[in-house]
Structure formats: C-alpha cells, structure tokens
1. Kindly write out, for the stretch 86-102 in residue order, the coupling ³J(HN,Hα) from the Karplus curve 6.51 cos²θ - 1.76 cosθ + 1.60 (θ = phi - 60°), rounded to whole Hz, with x marking Gly and Pro.
2. Given a 1.4 Å probe and every protein chain left where it sits, what share in percent of the accessible area of the stretch 3-346 is carbon and sulfur?
3. Among DSSP bridges having both ends in the chain, what percentage is antiparallel? Round to the nearest 5.
4. Counting other Cβ atoms within 10 Å of each Cβ, which trypsin sites (Lys or Arg not before Pro) in the stretch 241-347 have at most 12 and sit in a DSSP loop?
5. Out of residues 5 or more away from CYS269 or on other chains, whose amide H comes under 5 Å of its own, with H placed 1.01 Å from N in the peptide plane?
6. Mean 1/r over all different Cα pairs, inverted: what Kirkwood radius does the stretch 3-346 give, in Å?
7. Among the listed pairs LYS163/LYS279; LYS90/LYS117; LYS9/LYS330; LYS43/LYS163; LYS279/LYS330, which have their C-alpha atoms separated by more than 20 angstrom in this model?
8. To the nearest 10 square angstrom, what accessible area does TRP92 show with a 1.4 Å probe?
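The values are calculated or read from the model by the stated rules, or taken from the named source; none is laboratory data. Not measured: the values here are computed from a predicted model. Heads up, the Cβs are rebuilt from the backbone with ideal geometry, glycines too, and the neighbour counts pull from every protein chain shown. The accessibility values were calculated without ligands, DNA or RNA, using every heavy atom of the protein model including side chains. Shrake-Rupley method; radii C 1.70, N 1.55, O 1.52, S 1.80 Å.
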Amino acid sequence: MLFASGPRKTLLAALSGAPCSPPPIWLMRQAGRYLPEYREVRKSVPTFLDLCCTPELAAEVTLQPLRRFDFDASIVFSDILMVPFALGQKVWFVEGEGPRLEPVKDAKSIAALDPSKAPAGFAPVYETVKLVRAGLPDHVTLIGFCGAPWTVATYMVGGGLSKEQAEARLLAYRDPATFQALMDLLVGVSADYLLGQVQAGAEVLQIFDSWSGSLPEDEFARWCIAPARAIVERVKSVAPEIPIIGFPRGCGPLAERYAQETGVDAISCDTAQPLGWIKEELQTKLPVQGNLDPLLLLAGGPHLDARVRDILAELGPGPFIFNLGHGIDKETPIEHVTRLVQLVKTG
Ligand code: CP3
C-alpha cells in the first residue's frame with residue numbers, strides 16, 4: 001500500500017521520495033547461479049558473454065527470479081564488462097575464477113579502444129531490455145545499469161579482478177592525464193549506453209561503483225564523484241525523468257559527498273554502513289537502498305529475521321528500497337530468499 005498517491009510502481013514511488021509500506025524490494029544479481037533454472041540456460045551457451053549477447057536467453061534469465069519471488073524490480077541481465085567488450089577490448093570469463101581482460105596499460109592501448117564500435121556491441125542489450133519490458137508484470141520496474149568508470153577501469157587496467165585495484169590506482173598516480181583520458185572515454189560511452197537502455201525501455205538506472213572503497217578522498221572525488229556527476233548530467237539532459245541510483249560500494253562516510261555532489265536520485269548502501277548513520281546522514285537527503293549482508297542471507301535462520309526487522313525498523317519509515325549490500329552469493333538457498341521477501345512484504 002502506498003502512502004502517497006504516487007505512481008503504481010512502488011520502486012518509482014520510493015525513488016520519488018515517498019515512504020512505502022511495505023518498501024519495494026529487489027536484489028542485486030537477483031538473476032544468477034543460485035537459481036537452477038539459470039544454470040540450465042547457462043549450460044545452453046558456451047560462454048557467459050554469449051548469454052549476455054543472446055537477447056532471448058538474457059531476457060529469459062532476467063525474468064526467472066520474478067517467477068519465484070515477489071520482487072518490485074527487474075534488472076536487465078548483462079554485465080558491467082559489456083562496456084570494455086563493446087569498445088573492442090578482449091574480455092572473457094574463466095569458469096569459477098571470474099573475468100579476464102587483455103589489460104590496457106598506457107596511452108597507446110587506450111587510444112586503440114574504439115568508441116565507434118560500441119553501439120553495435122550494445123545492440124543485444126537494448127534488444128534484451130525491449131523483450132523484458134514487454135514481458136514484465138505492470139507493478140514491476142525495469143532497471144538498466146552500467147559499471148562506474150572507476151570500477152570498470154580497475155578491470156580494464158588490471159586485466160581482471162585485482163587485489164586492492166593496484167594497477168588502476170598506480171596508473172592514476174603515475175600518469176593522471178592518461179588515466180583521465182580513459183575515464184573521459186568511459187564517461188561518454190557509459191552515458192550513451194544508459195540512454196540506449198532508457199530508449200529501449202529501462203525506467204530506472206543504477207551505476208555500480210563496486211571498488212570505490214579503495215580510494216583516498218581526493219582520488220575518490222576525482223575518479224568516482226566527478227565521472228558519476230558527468231554521467232548523471234549527460235543522462236538527465238536527455239532523460240530528466242529517469243531516476244538514477246548510485247552505488248559507491250565500500251566508501252564509508254564519503255557516501256555523503258557522493259550523494260550531495262553527483263546528482264544521483266538515490267544511494268545504495270553497502271553492508272558496513274551503520275543503519276543509524278544511513279538514516280541520519282543519507283536518508284534525510286535522498287532515498288536509500290540496501291543493505292542486508294548477502295552472507296547473512298546465505299546463512300539464514302533467526303539472525304537473518306532479526307536483521308531484516310532491524311533494517312525495516314530503522315530505514316522503513318523514510319524513502320527506502322530493500323536490497324542487499326552487494327550481489328547475492330551463488331550458494332544462497334532459494335528458501336532464504338523466499339523468507340526474506342515474505343518478511344519484507346508482511347513485516
Ligand atoms: O543483477 C542482476 O541480476 C543482473 C546481472 C549482473 C551481472 N553482473 C551478472 C553476472 C549485474 C548487475 C552485474 C554487475 C557486475 N559485474 C559488477 C558490479 C556489481 C558487483 O558485484 O560488484 C561487477 C564488479 C561485475 C564483474 C563481474 N562479472 C565479476 C567480478 C564476475 C564474476 C563473479 C563470480 O561470482 O564469478 C562476473 C560474472 C557474472 N556477472 C555472473 C553473473 C550472473 C556469473 C557468471 C556465470 O554465470 O557464469
């Protein structure tokens with residue numbers, strides 16, 4: 001039941017600043033390996049990127065979690081590494097290990113990235129968005145997304161998941177002009193990519209900055225806040241009505257600056273950010289999303305119930321979207337997700 005006479009979709013209502021009871025819920029990475037039906041579809045294609053680039057299959061896995069759980073949003077099935085892939089960087093996934101990229105390390109390899117190729121690379125994602133939008137129940141909101149330039153750059157420069165994001169941090173310290181050129185390229189391509197998803201039917205956008213927690217304040221301002229603000233400005237200049245959620249994971253109290261300076265409409269909080277602090281320092285300024293520990297959802301039991309109730313009691317009275325503090329773990333039992341949704345919907 002909505003308190004305000006706002007839109008029928010609770011996610012849009014919460015993003016417009018209306019407290020909702022119960023609050024909308026969706027989970028980051030809600031489509032994926034914890035679902036047997038996902039694993040079945042995944043087996044039918046050779047690689048993970050083939051799945052992302054086959055619209056019928058990507059749309060099918062996007063819709064799978066909605067058939068099991070009463071989620072209020074659906075996030076298009078794709079990956080943040082579609083951007084380097086579309087720019088012509090070599091990207092592949094090693095089973096059980098994660099993404100690998102042929103690293104870009106210097107001005108020459110950055111100049112070799114070709115933004116003119118990107119629209120063709122993004123076309124299958126836009127097709128997926130269209131297919132999902134056509135198949136969604138009326139009350140469910142469709143979210144499009146991209147990785148934030150900083151996080152995407154950590155993979156592009158490091159060649160994959162990298163400890164402490166050392167390669168990107170070092171390039172940014174040693175050769176800031178070259179690193180800035182990479183960030184400028186990513187800002188432009190990511191904004192176009194988000195607008196393409198909006199044109200195809202995305203109703204909300206989320207920017208994932210999964211590694212924003214590795215930077216000191218000045219670098220956080222330059223490599224996380226400034227690019228996010230540039231993307232938000234570009235997107236809003238064309239599609240001012242589309243709410244944008246920022247997720248600067250791991251940045252602690254710097255989330256306040258992120259919330260104030262980027263222009264995002266809502267902020268997603270990670271598991272380490274204290275509920276009382278989120279309520280006082282963030283939710284007084286904008287709607288918040290989060291922040292259940294994905295590993296507590298995996299563990300389940302009375303501790304899960306108690307924590308979900310704490311989150312609801314603390315953040316539920318303000319504009320709030322229930323979510324995890326990071327993506328769902330692949331070992332998560334399905335019954336725990338069912339229990340979570342039941343708790344959030346019925347209190
Ligand atoms: O949320 C959803 O349901 C939409 C799909 C989605 C995926 N990745 C699918 C995926 C989204 C929103 C992402 C975002 C993403 N991808 C992020 C940002 C969020 C975060 O988790 O921090 C990052 C950093 C990536 C990069 C990435 N993609 C990594 C590190 C991995 C390996 C992780 C692992 O557990 O192996 C991926 C692969 C990936 N992306 C999978 C899925 C379902 C698993 C691959 C498979 O099924 O074979």
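1. 5, 7, x, 6, 6, 10, 8, 10, 9, 3, x, 10, x, x, 10, 9, 6
2. Result for the stretch 3-346: 54 percent of the exposed heavy-atom area is carbon or sulfur.
3. The answer is about 20 percent antiparallel.
4. The qualifying sites are LYS285.
5. Long-range HN contacts for CYS269: GLN289, GLY290.
6. On the way: mean 1/r = 0.0497 Å⁻¹.
By the Kirkwood definition, the hydrodynamic radius is 20.1 Å.
7. LYS163/LYS279; LYS9/LYS330; LYS43/LYS163; LYS279/LYS330
8. Surface open to solvent at TRP92 totals about 120 Å².
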